[in-house]
Amino acid sequence: MTLYRATVVDTPDDPFTGGALRSEEDAGLLVVGGAVVARGSFDGVRAEHPGEEVVDLRGGVLLPGFVDTHVHYPQVRAVGGLGMPLLEWLERCALPEEARLAEPAYARGVAADFLAGLVGAGTTSAMVFGAHFAPAVDELFTAADASGLRITSGLVVSDRVLRGDLLTTPGRAVEDSLALAARWHGTDRLRYAVTPRFSLSCTDEMLAACAAVLADVPGAWFTSHVNENRAEIAEVEALFGGEHYVGTYDRHGLLGERSVLAHDVHPRDEELGVLAARGASVAHCPTSNASLGSGLFPLRRHVEAGVHVALGSDVGGGTGFPLLKEGLQAYFAQALLGDDGYALAPAHLLHLATSAGATALGLREEVGDLGVGQRFDAVLVRPRAGTTLDVGLRHASGPDDAVAKVFALGTPADLEQVWVDGERVGA
Ligand code: GUN
Ligand code: ZN
């Protein structure tokens, strides 16, 4: 048993439906077996549990661990390829690096770099785009299991358009995916995600193979890309006889509550209707959308259509792992949209980076806030004295202002400790 003493801020109630930040300046959180079992004023919880060890986390802000709903494991070494739109960036920057993961020893090093990046950014749960090679995905799951993070991932499959060394066949895709799922799905904090790269690189036969894997693995997840870039969308529509992009997945029964589609920068209204009806989530990847010039995400249209949205870093199209940066960039993008934008308050940013992600990944019963009954997945923001964030937090006018400062100024250097299930990770 451990009694944590901290300023705690979280978003148990969705700000998109009227919820506000919950904040306690001097809170006590009693954690037993990795779960929060009591929460209240520190003095109150202390009086009820006088004998427990106290861990003093004052001088910072304790937040729920961040949930990254779209991040590419094989691209950790490819971050920073600026100046290209999506399809050129894939060909020149991302895919040559992804091809190197054919070598398992290389993949092992990348997996270590990748997981260090996640935990360093305070991310405790993630939907991870895997690699095109089964041994490389095995390396990721092995390292993820040892890391303690909550990771959902799978073999990335494609059978056209991409360079030849990244392609497979529908038959091999099924065989390799089922073998990986049998080994890892439901092991500790790991789950399997069926992962066609995007329908541009997948024939109908490959998407049908994905549906077969999904049907064969109870509780498996589905993730892919959608409506990211106008040239990409035009090619997909041409390849699928004019069908809209969401429809290319939906016609194979791939969309449901365990589906996460990344980007969706240029959806038709009809597609938003399908996503809402299926209960699928969208991973909004703001720095990637800006860096690749994909466009400004229509958040208001998603919210009005009832499509669930969370945040993704999209490393390496995105510019790094921190969801603090993604939250800030999401705010910028909505501000730049003017009247079409959604005016994001600090509570929305924290929600998008934590509880919204937990909902998207089906983990909301366990994580996403720091209330009683939740697992203790948390990150302590405690900047070095004298940094601008430290100054800002000491002079914050209240919790909303403090959270705004964390998103505006916070970096991995300010994240002092990270926990999953009450255990320190990445220490
Ligand atoms: N669409 C297909 N593959 C990718 C990728 O690796 N990154 C992004 N941003 N979009 C994609
Ligand atoms: Zn992506």
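The values are calculated or read from the model by the stated rules, or taken from the named source; none is laboratory data. Source: prediction; values computed, not measured. Note that we place each Cβ from the backbone using ideal geometry, even for glycine, and neighbour counts take in every protein chain shown.
For the stretch 83-106, indicate whether the set of residues that are at pLDDT below 95, surrounded by fewer than 23 Cβ atoms within 10 Å (Cβ to Cβ), not in a helix (DSSP H, G or I) and not β-branched (V, I, T) is non-empty. Within the stretch 83-106, one or more residues are at pLDDT below 95, surrounded by fewer than 23 Cβ atoms within 10 Å (Cβ to Cβ), not in a helix (DSSP H, G or I) and not β-branched (V, I, T). Scanning the stretch 285-306 for residues that are more than 20 Å from R258 (Cβ to Cβ), more than 10 Å from ligand 1 (Cβ to nearest atom) and assigned to a loop (DSSP other than H, G, I, E, B) returns G293, G295, L296, F297, P298. Taken over the stretch 136-174, the criterion of being closer than 18 Å to A215 by Cβ and surrounded by fewer than 15 Cβ atoms within 10 Å (Cβ to Cβ) is satisfied by G171 alone. Considering each residue of the stretch 307-329 in turn, none proves to be at pLDDT 95 or above, more than 14 Å from the chain's Cα centre (by Cα), of a type in the set (K, R) and more than 15 Å from ligand 1 (Cβ to nearest atom). If only residues of the stretch 40-58 that are outside any strand (DSSP E or B) and acidic (D, E) are counted, the one that is nearest to ligand 1 (Cβ to nearest atom) is E52. Residues that are in contact with a helix residue (DSSP H, G or I) (Cβ under 6 Å, 6 or more places away or on another chain) and aliphatic (A, V, I, L, M) within the stretch 195-211 comprise L200, M206, A209, listed in sequence order. Residues in the stretch 305-319 include none that are over 26 Å from V246 (Cα atoms), away from ligand 2 (no atom under 15 Å from the Cβ) and of a type outside the set (V, I, T). Screening V61, V31, V37 for residues that are more than 16 Å from ligand 1 (Cβ to nearest atom), under 21 Å from E365 (Cα atoms) and surrounded by 18 or more Cβ atoms within 10 Å (Cβ to Cβ) leaves exactly one candidate, V31. Would you check if L350 is surrounded by 20 or more Cβ atoms within 10 Å (Cβ to Cβ), touching an Asp or Glu at 6+ places or on another chain (Cβ under 9 Å) and not small (G, A, S)? In short, yes.
Which of the residues belonging to the stretch 118-132 are within 16 Å of ligand 1 (Cβ to nearest atom) and either part of a helix (DSSP H, G or I) or closer than 19 Å to V282 by Cα (or both)?
A126, M127, V128, F129, G130
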